[in-house]
1. At 0.36 nm per residue, and after removing the present C-alpha to C-alpha distance, how many nm does the segment from residue 174 to residue 122 gain when stretched out fully?
2. First measure r as the distance between the Cβ atoms of residue 19 and residue 136, then evaluate 1/(1 + (r/R0)^6) with R0 = 22 Å and state the FRET efficiency to the nearest 0.05.
3. Counting other beta carbons within 10 Å of each Cβ, put 130, 16 in order, fewest first.
4. What Kirkwood radius, in Å to one decimal, follows from the Cα pairs of the chain?
5. Calculated from DSSP H runs of 4 or more alone, at -39500 (n - 2.57) each and per residue, what is the 222 nm mean residue ellipticity of the chain, nearest 500?
6. Quick one: check the C-alpha center-to-center distance for the stretch 82-146 versus the stretch 30-80, whole angstrom.
7. Determine, for each peptide in 150-161, 131-142, the mean count of other beta carbons within 10 angstrom over its residues, then list the peptides with the highest first.
8. Taking a ≥ b ≥ c as the square roots of the Cα gyration tensor eigenvalues, with a/c under 1.5 meaning rounded and otherwise prolate when a/b beats b/c, else oblate, which class fits the stretch 4-53?
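Quick note: the coordinates plus some simple rules give every number you see, no bench work behind them. On a predicted model such as this, the values are computed, not experimentally measured, just so you know. Here the Cβ positions follow ideal geometry from the backbone for every residue, glycine too, while neighbour counts run over all protein chains shown.
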Ligand SMILES: Cc1cc2nc3c(=O)[nH]c(=O)nc-3n(C[C@H](O)[C@H](O)[C@H](O)COP(=O)(O)O)c2cc1C
């Protein structure tokens with residue numbers, strides 16, 4: 001698929017076929033994650049690939065909007081290292097985007113579960129604590145997101161750019 005087709009077909013997919021993801025496909029996702037750019041090229045993000053059903057079911061109970069983890073074939077937890085780079089959040093978010101697009105290219109669907117909450121430290125702590133304890137993640141790592149992955153059982157259809165978008169400005173903010 002070309003990049004535009006992948007971008008248009010990337011939707012949040014929350015229902016999946018009961019089908020395992022082959023190792024080589026997981027390898028493509030991991031490559032995308034680690035090839036993604038990072039500020040100053042620093043290794044400020046790490047990834048945990050999970051395929052164990054028991055662990056996935058446990059993560060589905062994270063106090064966040066991730067109940068779809070009960071149906072996924074795999075998940076990738078994306079963590080960030082504030083001790084390595086001040087750009088850890090951007091770095092880990094960009095990596096999530098790269099994984100998501102690669103998943104589409106591989107015929108997979110993905111869902112994004114926000115764990116880190118920049119505006120609400122208490123909420124963030126609640127979500128991160130649960131995932132940290134479940135996966136033995138060290139305290140100095142932040143937990144940006146969980147991406148759920150699987151072969152789509154349903155697809156809402158491709159996206160097209162909204163017409164007359166107010167979101168885009170040219171030359172200055174007010175056009
Ligand atoms: C930063 C961010 C946080 C998100 N958090 C969640 C979440 O916690 N749970 C969830 O089910 N979906 C989450 N999503 C998915 C969005 O709701 C979804 O991408 C959006 O509704 C647009 O739909 P689309 O992905 O099909 O284009 C998140 C997406 C982004 C980019």
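1. 15.1 nm
2. Working from the Cβ atoms, E equals 0.20.
3. Listed from fewest to most nearby Cβ atoms, that is 130, 16.
4. 17.0 Å
5. Taken over the chain, the calculation gives -11000 deg cm²/dmol.
6. 7 Å
7. By packing density, highest mean first, the sequence is 131-142, 150-161.
8. Since a/c reaches 1.5 but b/c is at least a/b, the shape of the stretch 4-53 is classed as oblate.
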